Each structure stands twice: as C-alpha cells, then as structure tokens.
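To keep things clear, I will list the structure first and then write my remarks on it.
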Amino acid sequence: MSDDKLLEIKDLSIHYFTEEGIVRAVNNVQLSLRRGETLGLVGETGAGKTTTALGIMGLVPDPPGRVVSGEILFGGRDLLRLNKGQMRRHRGKDISMIFQDPMTSLNPIMTMGDQIAEVIRLHEKLSRADANRKAAQVLEMVGIPAQRMNEYPHQFSGGMKQRVVIAIALACNPQLIIADEPTTALDVTIQAQVLELMSQLQSELHTSMLIITHDLGVVADSCQSVAIMYAGRIVESGRIEDIYEDTKHPYTKGLFSSLPSLSTKVKRLKPILGLMPDPANLPAGCPFHPRCDSCMPICTELDPQDTGLGNGHMVRCHLYGQHDAGEDLA
Amino acid sequence: MLRYIAKRLLTMIPVLIGISFIIFVLMYFTPGDPAEMLLGDLATPEQVDALREELGLNDGFFQRYFNYMKGLLKGDLGKSYVSKMPVWDEIATRLPVTARVAFLVAIFAVLIGIPIGILSAVRQYSFIDSITRVFALLGITMPSFWLALLLVLLFSVQLGWLPPSGLYGPIYYIMPILSISAVSIATITRTARSSMLEVIRQDYVRTARAKGQYERVVLFRHALLNAMIPILTIIGIQFAGGLGGAVVNEQVFAIPGLGKLMVDAIKARNYPLIQGSVLVLAVLQSVVNLVVDILYAFVDPRIRSQYSRKVGKKAPKLAVAAAAASDEAAATTLEGGDI
Ligand SMILES: Nc1ncnc2c1ncn2[C@@H]1O[C@H](COP(=O)(O)OP(=O)(O)O)[C@@H](O)[C@H]1O
Ligand SMILES: [Mg+2]
C-alpha cells in the first residue's frame with residue numbers, strides 16, 4: 001500500500017526563531033504524494049507553503065528556521081535524518097525545486113547554458129562538453145533554441161527565464177519536482193504556456209510533482225490530489241474529486257466561493273472576511289475560528305485533530321471530529 | 001571595449017587640465033617665497049630677487065600659467081627648484097617605492113579583508129561577526145599614523161624585533177604595511193560583509209543550493225562573484241588612496257617615497273615638484289578607476305553589454321551607473337552596513 005508513496009510527510013513542524021518571537025510557519029503537517037501523481041498545495045500568502053517546500057529540500061534558512069518535529073519520507077527514507085552531504089546529493093538529482101520568481105532565481109552573471117550544465121555536472125559523471133551538449137538538449141526540450149545557451153538572464157523575458165528554471169529542475173530527471181507558485185510572477189498568457197509545458201514534460205518524464213499555488217483552477221487542471229493549508233496546518237486534503245465535490249472545511253468552502261465559477265452562476269464573489277492570523281501569534285483553539293462562519297464554542301478552545309472521512313479525505317475541523325476531545329477538556 | 005577604454009583615456013585630458021589649473025592657483029596664492037627659502041636667512045634682497053627672476057617668479061599670474069602649461073603640453077613638468085633635476089626624474093625614482101608599498105598593502109588587505117568579510121556575513125550575528133565588526137570599526141576610526149607609532153613603540157622600542165624606519169629590505173616593509181593596511185582591511189571587510197549579506201539572501205543563491213551545489217561553490221562562485229562590484233570599487237578607492245595618502249606614513253617610517261617627496265616639496269615651496277606630483281597622482285587615480293571599471297565588465301555581463309553597445313550614446317549613462325556604484329560603496333563604507 002505505502003510502496004507507491006513517493007513522498008510522505010508526517011507531523012512536520014517548522015518554526016522560525018526570530019527576535020520578535022517564534023513564527024510557527026508549519027505545524028504538524030501531513031502530506032503524501034504517490035509516484036507519478038501531482039499534488040496541489042493551496043493556501044494564502046503566509047500559510048507556510050514555501051516553508052514546507054524548503055523543508056523537503058532541506059533548505060530552510062537556519063538561522064532563523066528549524067524543523068522542530070516530524071518525518072519526511074522520500075522513497076521510504078527519512079530525509080530529515082540524512083547528513084548534509086547525503087541531502088546535497090539528493091537535491092537537484094532526485095528532488096528539484098522551481099522557485100516562485102524567475103526574475104531573481106537565475107544567477108545574473110552566469111550564462112544560461114552554464115547554469116543548466118552546473119546541475120548536470122554535479123550529479124552525472126559527464127565531461128564539460130557532454131554536459132553542455134545535454135544542457136542544450138534540455139534547453140530545446142523547454143522550447144528555447146540551443147543557440148541561446150551563451151546568453152545571460154538579462155537577455156531573457158520572464159517567461160523564458162521560467163523555462164530555463166524548469167530546464168534546470170528537469171535536467172537530471174528527478175523523481176519529484178516541487179514547483180512553488182511557478183507562474184505567479186508571470187503574465188497571464190505566459191502562465192498558461194508555462195503550465196502547459198510543465199504538464200506536458202511531466203507526462204513525458206513520469207515525474208511526480210508538488211505544485212504550490214493559490215489558484216484552484218490550476219489545481220483542477222493538473223492535480224490528482226490537493227491539500228489546503230491554513231496558518232501552517234493542512235486543514236483539508238484528499239483526492240481532487242472529493243475536495244471539489246464534497247468540500248468539508250469551512251475554509252475550503254470559503255476558497256471555492258471566493259472563486260469566479262463557470263458552472264454555477266454566482267451573483268457575487270464572496271471573499272473570506274478577515275485576515276490570516278500572524279503565525280507568530282496564533283489564536284487559541286482552531287486558528288481559523290475568528291473567520292469561521294460555523295464557529296462553535298469548542299473551536300475557540302481546542303485545536304481540532306485530523307479526521308479521516310474515508311478514501312484518503314482528511315479534514316481538520318470540529319464539525320466533523322468526534323467531540324470526545326471536548327470531554328477531555330472538562 | 002577598446003573604444004570604451006580609448007574614450008575614457010580621452011576624457012582624462014580635461015580632468016587633468018582642470019586639476020593642473022587648480023593646483024597652480026593654490027600654489028600661486030600660497031604664502032611663502034621659494035627663493036627666500038632656497039637662499040636662507042643670510043641672503044640679500046638682491047640675491048633673492050635675482051633668483052626670483054631666474055625661476056620666473058616675477059612674472060604675472062597669466063604669464064606664469066602660460067609658461068607652465070606650455071611645458072605641460074610638451075610633456076615637461078619642469079625642474080625642481082632645489083635639486084635642479086627634472087621633476088619627472090625625481091618622481092620616477094620615488095614613485096616605485098610608494099607604488100610597491102601601496103600594492104603590497106592592497107594585496108594584504110584583500111587577502112585578509114575579503115575572507116573575513118565573507119565569514120562574518122555567513123555567520124551573521126555570531127561571535128566571530130561581532131568581533132569582526134568591532135575590529136573593523138577600530139580599524140576605520142584609528143588614525144594610521146597613531147597605529148604606526150604604537151607599532152614602532154612595541155616592535156622596535158620594546159621588543160627590538162623590527163627596524164623603526166627606512167626601507168632597506170623585506171623586514172622593513174612589515175610595519176608600514178601593517179599600519180597602512182589597517183584602514184583598508186577594515187573597509188574591505190565591511191564592504192565584503194555587507195555586500196555578501198545582501199547577495200546570500202538572493203533567490204539565485206538558493207537556486208544554486210537547490211541544485212545540490214557544494215556550499216563552498218555556492219559561496220564563492222554564486223555569491224561572492226555577484227557581491228564583487230562594490231568590493232572592487234572599494235579596493236580601487238583604497239589602492240588609489242594608498243598611493244596618494246602615503247604622505248603621513250612615509251614621514252613616520254622615513255620611507256623615501258612620493259609622499260615624503262611631496263611633503264619636502266611643500267615645505268620648500270618647490271612649485272614644479274608639487275604640481276608634477278599631484279598631476280602624476282591624478283593620472284594614477286584615473287587609471288585605477290578605469291581598471292576598476294574594466295574589471296566590472298569582466299564580472300558582470302550586464303555592464304559588459306553596456307560597454308560594447310554604442311559607446312558614444314551610452315557613455316553618460318554609464319558614468320552615472322559607475323558613479324552610483326561607487327557612491328553606494330562609499331555609503332556602505334561610511335555607514336558600515338549596520339555596525
Ligand atoms: N526566513 C524567515 N524568517 C522568519 N519568518 C519567516 C521566514 N520565512 C518565512 N517566514 C514566515 O513564515 C510564514 C510562512 O511563510 P511562507 O512559508 O513563505 O508562506 P507561503 O509560501 O505560504 O506564502 C510567514 O508568516 C512568513 O512571514
Ligand atoms: Mg511562498
């Protein structure tokens with residue numbers, strides 16, 4: 001059963017220890033991703049998505065950040081137990097990451113070709129010439145003529161840069177690609193092209209992917225499962241059909257009703273009122289309760305636990321939990 | 001690129017004309033008579049006047065400026081009033097001494113300042129960082145002649161390990177280099193630290209790590225190279241400053257360099273020698289600036305492409321960019337990051 005799980009995150013917590021206090025960016029996160037599948041991680045800015053991704057990559061900036069608990073099983077091995085050298089050998093080879101902003105993700109003083117060849121030479125025993133040849137192939141694969149190898153980032157547009165970033169991520173044929181809002185910084189027309197390119201390459205190369213986004217449309221198009229993140233927690237997760245058709249968590253419902261929908265005619269979009277709490281200063285109980293329409297007394301006191309609804313559908317909300325936890329309080 | 005260099009060399013000409021004019025005016029209005037100084041107290045007014053006539057000091061302002069410029073255009077800096085030797089020959093024997101010290105100081109400061117700056121940035125707020133910042137502050141605020149005197153007291157007077165003055169062998173260079181380089185080391189350290197701090201937060205450094213690159217390579221190839229522009233600027237400023245600013249330290253250690261030559265020339269109101277030295281220093285300063293700008297182009301392809309594009313039109317913009325870069329660097333030095 002668990003054999004086909006490429007990535008399984010258990011109880012992951014990552015905190016930033018700053019002078020102003022402890023920022024609880026990621027709290028007891030559970031995620032799993034099967035081989036060949038795409039998982040969407042959705043949440044507002046500041047929900048802890050990037051921090052989760054950096055946790056998987058072993059790149060949480062330390063100081064101030066630290067993984068305080070949990071396991072990140074990748075192909076059955078806990079990445080958090082690897083030493084620096086072992087983790088370094090995984091990065092770029094087995095797991096690679098596409099960062100949010102292509103404008104700043106490339107080294108301005110290295111040629112595109114060198115930046116792609118760099119990752120190839122790190123993980124494959126190739127001569128410089130062979131690595132360059134392979135870099136050229138990868139560049140062609142993302143739709144950029146190989147003649148542009150010797151150009152620098154400032155000679156490329158945003159969309160072209162993101163293609164190069166994708167080329168770097170794909171160059172060593174990784175098992176897992178983490179794409180952190182890969183299109184947020186791009187023009188709408190370019191967004192579609194880049195997403196199209198990514199899903200095409202993914203199906204050619206059979207790579208598993210974790211897409212971080214706040215666009216539920218992107219999730220619907222390219223993901224098999226989805227996890228909704230709020231204030232560092234996964235509040236609901238499951239197969240995409242379950243989440244879209246049998247939405248449980250009030251926050252997820254809020255996300256859907258704040259979307260313009262084509263199928264149902266909604267007169268007005270309904271934004272979720274209020275702001276996400278500051279992860280350095282989370283409210284007691286369920287962190288969503290100040291904004292929740294269905295808030296109950298217990299919600300202000302007790303943080304809800306994960307509740308399984310079958311078929312991998314999980315929700316973290318007192319509406320669905322057995323309320324025996326409340327009796328413990330009394 | 002070559003056209004750019006040629007153009008920069010041409011623009012030096014008006015700068016040098018301006019400098020020569022200013023230094024001429026300053027000398028003209030400075031009190032003190034070279035003839036009297038040369039002849040001493042016992043000379044009769046007639047003797048003094050004869051010498052003034054001989055040196056051309058009795059001519060009016062414009063006549064003297066005209067004569068001076070006529071010489072300059074022929075590449076003739078004039079003759080020293082004191083030694084009667086051509087100014088150029090005097091400078092040519094002294095400049096290498098100063099240049100050698102300045103060069104050694106620059107190398108020493110770079111070799112110490114850059115690694116410490118990087119270490120301090122990588123371990124920001126650590127114990128090492130705090131120590132570095134304190135010493136950098138000390139190095140910048142402590143006058144180098146004072147440090148020189150302390151060193152002499154310790155190593156020459158107390159311990160007797162090092163000769164207190166002169167420049168007769170490698171051992172003689174130790175104290176001058178230590179005292180002169182303190183400021184440079186401190187400035188380069190601070191610039192390297194603040195520039196690295198800015199760069200290691202950049203996304204492309206994270207990208208390099210995400211590729212599985214070795215931390216060492218991430219720091220040097222990805223971060224340091226990108227942090228190099230302000231550091232190069234400051235090295236250039238320090239090196240040029242070391243050429244021109246050797247005045248005091250050459251005095252302390254009795255080093256027979258250009259600085260000492262200038263001080264002696266100023267004391268004797270030896271106008272041709274003063275003017276010649278200042279001009280040579282100005283040329284050197286401009287050349288150092290040019291070399292730094294060329295190094296920018298080696299480091300940064302964006303600057304490279306600016307240089308090679310239509311030189312004529314781009315030049316003013318470039319100058320502004322370069323000025324902004326050095327302003328930035330200067331500002332960093334002054335504020336010293338967040339020290
Ligand atoms: N280096 C850091 N130091 C301190 N706090 C951080 C750091 N990086 C992120 N955070 C905080 O952690 C929280 C989660 O951030 P992030 O993971 O970037 O969220 P997301 O990617 O979902 O927008 C935010 O409150 C953010 O301010
Ligand atoms: Mg993010």
Report summary line: For A:I211, the residues 5 or more places away or on another chain with a placed amide H closer than 5 Å to its own amide H are A:L39, A:G40, A:L41, A:A179
Requested in this report: Based on alpha-carbon positions alone, could you give the equivalent ellipsoid semi-axes of the stretch A:24-154 from the gyration tensor, as √(5λ), descending, whole Å?
Outcome: 30, 18, 15
Report task. First select every other residue whose beta carbon is under 12 angstrom from the beta carbon of A:E140; then total the charges, Lys and Arg +1, Asp and Glu -1. Result -> +4
Report task. Under 15 Å from the Cβ of A:E245, count the other residues' Cβ atoms, weight Lys and Arg +1, Asp and Glu -1, and hand me the total. Result -> -1
Query - Kirkwood Rh (inverse of mean 1/r, distinct Cα pairs), chain A, angstrom - result: 21.0 Å
**Report entry** Pairwise Lys count, chain B - Cα closer than 29 Å, eight or more residues apart or different chains
**Finding:** 17
Query - Net charge of Cβ neighbours under 14 Å - reference B:V280; Lys, Arg +1; Asp, Glu -1 - result: -2
Query raised in the report: Rounded to the nearest 500 deg cm²/dmol, what is the calculated helix-only ellipticity per residue at 222 nm for chain A, with -39500 (n - 2.57) per DSSP H run of length n ≥ 4?
Result: -9000 deg cm²/dmol
Query raised in the report: Dividing the Cα radius of gyration by the Kirkwood radius, what Rg/Rh value follows for chain B?
Result: 1.05
Report task. Working from Cα positions, state the angle (0 to 90°, nearest 10) between the long axis of helix B:225-244 and the longest principal axis of chain B. Result -> 20 degrees
Query raised in the report: What percent does the relative contact order of the stretch B:88-335 come to when contacts are Cα pairs within less than 8 Å and at least six residues apart?
Result: 24 percent
Requested in this report: Quick one: check the C-alpha center-to-center distance for the stretch A:20-91 versus the stretch B:230-252, whole angstrom.
Outcome: 49 Å
Query raised in the report: In Å, what is the Rg of the alpha-carbon atoms in the protein assembly as shown, and how long is Dmax?
Result: 34.3, 118
Report summary line: Longest principal axis of chain A (C-alpha) makes with the long axis of helix A:128-141 (C-alpha) an angle, in degrees to the nearest 10, of 60 degrees
Report summary line: Computed over the Cα atoms of the stretch B:2-73, the Rg and Dmax in Å are 17.3, 58
Report summary line: Sequence order, the stretch B:34-48: Karplus ³J(HN,Hα) from phi using 6.51 cos²θ - 1.76 cosθ + 1.60, θ = phi - 60°, Hz rounded, Gly and Pro as x, gives x, 5, 4, 5, 5, 7, x, 5, 7, 5, 7, x, 5, 4, 4
Query raised in the report: Not counting the cut sites, what is the longest span of chain B without trypsin sites (Lys or Arg not before Pro) that DSSP labels loop and that have at most 14 other Cβ atoms within 10 Å?
Result: B:202-308
Query - Cross-link partners of A:K134 among aspartates and glutamates (Cα-Cα below 13 Å; sequence separation of 8 or more within a chain) - result: A:D114, A:E118, A:E124
Report summary line: Output row B,A: buried area (accessible, probe 1.4 Å, summed both chains) in Å², nearest hundred, equals 2100 Å²
Query - Rounded tilt (10° steps) of B:258-267 against the dominant C-alpha axis of chain B - result: 40 degrees
Report task. Give a residue-ordered list of calculated ³J(HN,Hα) values for the stretch A:284-293 (Karplus: 6.51 cos²θ - 1.76 cosθ + 1.60, θ = phi - 60°; whole Hz; x for Gly, Pro). Result -> 5, x, 6, x, 8, 4, x, 10, 8, 5
**Report entry** Solvent accessible area, Å² - B:W146, 1.4 Å probe, full protein context
**Finding:** 120 Å²
Report summary line: Ranking B:S194, B:V157, B:G242 by how far each Cα lies towards the positive end of the charge dipole of the stretch B:88-335 (+1 on Lys and Arg Cβ, -1 on Asp and Glu Cβ), the top one is B:S194
Requested in this report: May I ask for the longest run of chain A untouched by trypsin sites (Lys or Arg not before Pro) that are loop-located per DSSP and have at most 10 neighbouring C-beta atoms (other than their own) within 10 Å?
Outcome: A:126-264
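The values are calculated or read from the model by the stated rules, or taken from the named source; none is laboratory data. Just so you know, these numbers come straight off a predicted model, no measurement behind them. Note: ideal-geometry Cβ built from the backbone for every residue, glycine included; neighbour counts use all protein chains shown. What goes into the accessible areas is simple: the full protein's heavy atoms, side chains included, and nothing from ligands, DNA or RNA. Shrake-Rupley method; radii C 1.70, N 1.55, O 1.52, S 1.80 Å.
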